[in-house]
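*Asks:* Here's a structure for you.
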Amino acid sequence: MSAKGEMIHRARVMTKGFMKRVFVAALCLLAMSQLSFAQTQAAATDPAVIHAPIEYPPAAVNAGEQGTVLVKVEVNTDGRAVGATIDKSSGHADLDEAALRSISQWSFSPATKNGKPEAQWIIMPVAFQLKEDPSDGLDLFQNLLAALSVLLGALGALFWVAGFIWSIVLAKRKSIVWLSGMVALWAVVYPLFVATNWSLTWRNLICVGLGIALMGLSLYLLPSQMVPI
């Protein structure tokens, strides 16, 4: 091998060795940076809520006001909220003020860095949400039952009155005796009249029976309208 060829060969070997060292060094630096980042992340924690009572103004409840307030607050090293301000309003001034009062009573575990507590600013949502009153659905159901009961009672009374008048007309057609008895003692005479004049009265009996059944169903539904205490 000539001197020039040997020099070129040595240069290539040295270049390869240098590139390997650079590559290994880069890998080591990357691994060290990842390890350092992981250690930093593990050593730092954010504040966490421990106790968060919410004061819901009675006037806002009565007015049906709801919403979420974003509050910017500093959690100090003792886990207390200080310096609270409104970052985003709920749209209701009384709820915004209640959010500031409420968060001042909250307790936190403070943020930590390298195992030591430190103050940190955070943004906390304070939600004001009305709970649905289960009695509302019950009231609606009871109102529907009441309306159904009245409707059935009125319909039943209509059928019964129509059947009663119809039975008087039928009795008059038969004889004055039947008519007198039906007018004086309808409840007693009517069954006898139907039994002895079935072919004439069976349709009337259906009308009267339907009226009585509907009125009975109406009365049956009435006790279910009572709301338990």
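*Asks:* Among the candidates 103, 86, 123, single out the residue that is at pLDDT 90 or above, within 18 Å of residue 47 (Cα to Cα) and either among the small types (Gly, Ala, Ser) or surrounded by fewer than 19 Cβ atoms within 10 Å (Cβ to Cβ) (or both). Lay out the reasoning, then the answer.
*Replies:* Details: 103 fails: either among the small types (Gly, Ala, Ser) or surrounded by fewer than 19 Cβ atoms within 10 Å (Cβ to Cβ) (or both); 86 fails: within 18 Å of residue 47 (Cα to Cα).
Residue meeting the stated conditions: 123.
This table checks each residue for (1) touching a Leu at 6+ places or on another chain (Cβ under 6 Å); (2) over 17 Å from residue 50 (Cβ atoms); (3) surrounded by 15 or more Cβ atoms within 10 Å (Cβ to Cβ).
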residue	(1), (2), (3)
82	no, no, no
109	no, no, no
112	no, no, yes
117	no, no, yes
130	no, yes, no
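*Asks:* Sticking with this one: Could you identify the single residue in 92, 9, 51 that is surrounded by 10 or more Cβ atoms within 10 Å (Cβ to Cβ) and at pLDDT 85 or above?
*Replies:* 92
*Asks:* Sticking with this structure for a sec: Of all strands (runs of 3 or more DSSP E) completely enclosed by the stretch 55-137, which ones contain at least 3 residues that are in contact (Cβ under 8 Å) with a residue 40 or more places away in the chain?
*Replies:* It comes to 67-75, 107-109, 111-113, 120-128.
*Asks:* For the stretch 177-225: of the residues being polar (S, T, N, Q) and either assigned to a helix (DSSP H, G or I) or open to solvent by 80 Å² or more (accessible area, probe 1.4 Å) (or both), which is modelled with the lowest pLDDT?
*Replies:* If we take residues in the stretch 177-225 being polar (S, T, N, Q) and either assigned to a helix (DSSP H, G or I) or open to solvent by 80 Å² or more (accessible area, probe 1.4 Å) (or both), then 225 is modelled with the lowest pLDDT.
The values are calculated or read from the model by the stated rules, or taken from the named source; none is laboratory data. Keep in mind it's a predicted model, so treat the numbers as computed, not measured. Neighbour counts are summed over all protein chains in view; Cβ atoms, including those assigned to glycine, are modelled from backbone coordinates with ideal geometry. Surface accessibility is based on the protein's heavy atoms, side chains included, excluding ligands, DNA and RNA. Shrake-Rupley method; radii C 1.70, N 1.55, O 1.52, S 1.80 Å.
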